[in-house]
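Coordinate-derived values only; no laboratory data. Every value quoted in this text rests on a predicted model; they were computed, and no experiment measured them. Quick reminder, even Gly has a Cβ in these numbers, built from the backbone with ideal geometry, and neighbours come from all protein chains shown.
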Amino acid sequence: MSEITRLDDVRMDEVHLTTPVQPADIARLRLGDVVYVSGVIYTGREGVYDHVVRRDRPLPAGLSELTNVNFHCSPAATVRADGSYRVEAVTATASFRFGQSMATWFERSGARVIIGKAGLTERAYREWFVPCGAVYLTTVGYGMGAAYGQGIARVRDVHWLAELGIAQAIWVLEVDRIGPFLVEGDAEGRSLFALANREIDARIAEIYQGLPKLALSRFGEVLSRTDEVV
Amino acid sequence: MKIPAKLIEDTARELMARAAIEIPADYREGVRLARDRETGKLSRFVLTEMLRNWDVAVAERRPMCADTGLPRYYVRLGNEAQVAGGLVALERALRRATADATAVIPLRPNRVHPLTREDPNTNVGLHAPEITYAAEPDANWIDVTTVHKGGLFGSDYRMLFPGDGIPGIKRFFLDTLIESGKRGLACQPAIVGVGIGGAKDTCVRLGKEAACLRLVGSRNPDPHAAALEDELTTLGNYIGIGAMGFAGTSMVVATHVELAYTHTGGMPVAIHQFCLSSRRATARIHPDGRVEPRDDPAWFTDYYRRTGIE
């Protein structure tokens with residue numbers, strides 16, 4: 001596979017995945033491919049990660065066998081009076097905050113495809129994703145709640161609703177061509193955003209030309225915490 | 001004639017649905033223009049998909065984005081308007097409408113206790129939803145606007161000093177946009193609100209109102225502010241960051257600057273980005289019971305921007 005070095009060179013091929021996603025399908029994904037998913041996916045964010053990774057609580061029985069696609073999101077959902085569920089829209093939440101948990105998460109959940117917002121760093125992919133054979137798909141926009149909602153055929157199950165609430169519970173969703181998502185972290189640990197950032201960073205010095213340093217600095221802009229901000 | 005609280009509640013419930021589902025026309029047009037100008041392949045794809053998402057939301061009456069933000073209200077009270085039961089009844093009506101709308105539309109119940117993270121699943125709680133009031137002379141109506149804004153990324157406040165001047169504001173503007181623009185954390189292209197001056201809470205409030213309550217295409221009547229709006233929009237789109245942080249030209253749909261008189265030694269600045277789901281909806285409630293949907297929140301009236309003593 002030839003390496004893509006310019007953002008505009010991505011081919012954006014349309015790819016259709018069914019769950020559980022097989023290793024061969026994962027290996028074929030190229031940065032910037034436009035992906036649609038059919039089968040079963042489940043939501044999991046801070047609350048779920050806290051239980052599984054920090055407290056070593058097993059995922060609900062059968063979930064790992066059913067699917068290996070974990071969506072960093074919570075739905076705009078409601079529980080009807082008769083106990084049934086409505087999910088009208090889904091939008092991802094920023095994934096960087098789960099970075100430290102990913103290696104343990106992959107091991108305990110069996111997840112191999114993460115769908116989320118804004119990806120992780122290339123280092124995170126190399127250290128935590130690649131050894132587990134996992135890839136990262138980013139949602140588009142990021143506010144495509146309605147279009148993604150269209151791809152949800154049915155709520156199959158909701159777990160841990162009482163402890164975690166609607167926004168943090170595990171929503172197991174039957175999906176039919178939910179998408180589009182973009183391949184952001186591939187099987188070799190490359191990142192689409194890293195490619196974009198390299199192009200953006202090339203111009204940064206020029207953009208700041210003629211804009212002098214501010215009178216008062218902030219920590220983070222000084223090299224050490226013993227430096228002064230004035 | 002007094003305005004019944006029930007009418008405010010029913011109106012607010014409808015506004016919540018309109019805000020969550022229908023993207024405001026002025027912002028949509030701004031994004032369409034940004035898409036047409038965009039040369040970055042991926043950024044252009046993203047904006048085309050967003051335009052499609054808004055069509056799906058309206059056609060199927062689904063929330064455009066599942067992160068329905070922190071729903072809040074801006075209430076403009078005509079000086080001669082009266083609510084049956086007073087402002088306490090109005091506030092109760094807005095809290096009820098928020099809880100109902102959360103279950104019915106549905107909205108994501110985002111509001112949790114900040115320490116225990118307990119979620120009442122209603123978007124109502126301690127200081128939630130926020131209600132901001134302003135008065136308007138010679139009017140007997142009440143304007144209710146709801147805003148659903150996320151806001152984990154893309155907002156910042158900083159105390160600058162007079163010597164930092166316009167270049168300092170530009171520098172802070174670039175810092176904020178680039179920091180949250182990479183990977184598209186701010187969900188740009190955004191309406192960027194810049195509050196300058198006042199005390200620190202004043203400029204944070206004004207910056208947010210500038211982002212959320214002014215139409216794309218509007219200009220601040222102060223020529224200094226208007227010139228800065230143009231310069232900042234141009235600068236923001238020159239960075240080279242497009243939608244989702246891919247290379248491109250679509251970072252800023254509009255920049256709105258609002259000013260407040262400030263401490264002689266300081267120049268506080270706050271920046272807010274209202275995202276690709278810039279959700280707001282306004283209605284005017286008249287004392288005769290008429291409810292008039294309005295595209296423009298018209299929050300920044302001449303009276304609101306008054307400078308004189310009387």
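Counting only DSSP beta bridges with both residues in the protein assembly as shown, tell me the antiparallel percent, nearest 5. Intermediate results must be reported in sequence, preceding the final value.
Values: 57 of 88 bridges.
If I count the DSSP bridges inside the protein assembly as shown, around 65 percent turn out antiparallel.
Within a 10 angstrom radius of the beta carbon, how do A:THR78, B:THR301, A:THR67 rank from fewest other beta carbons to most?
Lowest count first: B:THR301, A:THR78, A:THR67.
Go through the cysteines of chain B and tell me which have no other cysteine Cβ under 4.7 Å away.
If one checks each Cβ against the other cysteines of chain B, B:CYS65, B:CYS203, B:CYS212 turn up with nothing under 4.7 Å.
What aspartates and glutamates sit close enough to A:LYS213 to cross-link, taking a C-alpha to C-alpha distance under 18 Å and skipping anything fewer than 8 places away on the same chain?
Straight-line reach from A:LYS213, under 18 Å: A:GLU221, A:ASP227, A:GLU228, B:ASP156, B:ASP164, B:ASP175, B:GLU179.
Tally Lys/Arg at +1 and Asp/Glu at -1 over every other residue whose Cβ is under 12 Å from the Cβ of B:VAL46; what's the total?
Details: positive: B:ARG35, B:LYS41, B:ARG44, B:ARG52; negative: B:GLU38, B:GLU49.
With Lys, Arg at +1 and Asp, Glu at -1, the neighbours total +2.
Per residue of B:98-107, count partner chain C-beta atoms within 10 Å of its C-beta, then hand back the mean as an integer. Provide the component values of the computation, followed by the final result.
Working: counts 0, 0, 0, 0, 3, 5, 2, 5, 12, 5.
Neighbouring Cβ atoms belonging to other protein chains average 3 per residue here.
Would you mind giving the mean number of other chain beta-carbons within 10 Å of the Cβ of each residue in B:185-197, as a whole number? If you can, show how the numbers build up before the last one.
Numbers: counts 5, 1, 6, 1, 0, 0, 0, 0, 0, 0, 0, 0, 0.
Taking all residues of B:185-197 together, the mean is 1.
Helix-only estimate, please: 222 nm mean residue ellipticity of chain A, summing -39500 (n - 2.57) across DSSP H runs of length 4 or more and dividing by its residues, to the nearest 500. Please list the in-between numbers first.
Values: 7 runs with 52 residues, N = 230.
Result for chain A: -6000 deg cm²/dmol, rounded to the nearest 500.
So which lysines pass the test for B:LYS149, namely a Cα distance under 19 Å, with those fewer than 8 places away in the same chain ruled out?
A:LYS117, B:LYS208
Rank these for me by crowding, A:MET12, B:MET244, B:MET50, going from fewest to most other beta carbons within 10 Å.
Values: A:MET12 16, B:MET244 35, B:MET50 28.
The most exposed by this proxy come first: A:MET12, B:MET50, B:MET244.
Considering only the other residues whose Cβ falls under 12 Å of the Cβ of B:ALA210, what net charge follows from Lys and Arg at +1 and Asp and Glu at -1? Let's see the in-between values first.
Working: positive: B:ARG205, B:LYS208, B:ARG214, B:ARG219, B:ARG305; negative: B:GLU209, B:GLU229, B:GLU258.
Neighbourhood net charge equals +2.
Which net charge results when you count Lys and Arg as +1 and Asp and Glu as -1 among the other residues whose beta-carbon is under 14 Å from that of A:GLY119? Don't skip to the end; give the middle numbers.
On the way: positive: A:ARG97, A:LYS117, A:ARG123, A:ARG126, A:ARG190, B:LYS182, B:ARG183; negative: A:GLU122, A:GLU184, A:ASP186.
Result for the neighbourhood of A:GLY119: +4.
Kindly work out what percent of the DSSP beta bridges joining two residues of chain B are antiparallel, to the nearest 5.
On the way: 32 of 47 bridges.
Within chain B, antiparallel bridges account for around 70 percent of the total.
Please rank A:LYS117, B:LYS6, fewest neighbouring Cβ atoms within 10 Å first, as an exposure proxy.
Details: A:LYS117 25, B:LYS6 13.
Ascending Cβ contact count within 10 Å gives the list B:LYS6, A:LYS117.
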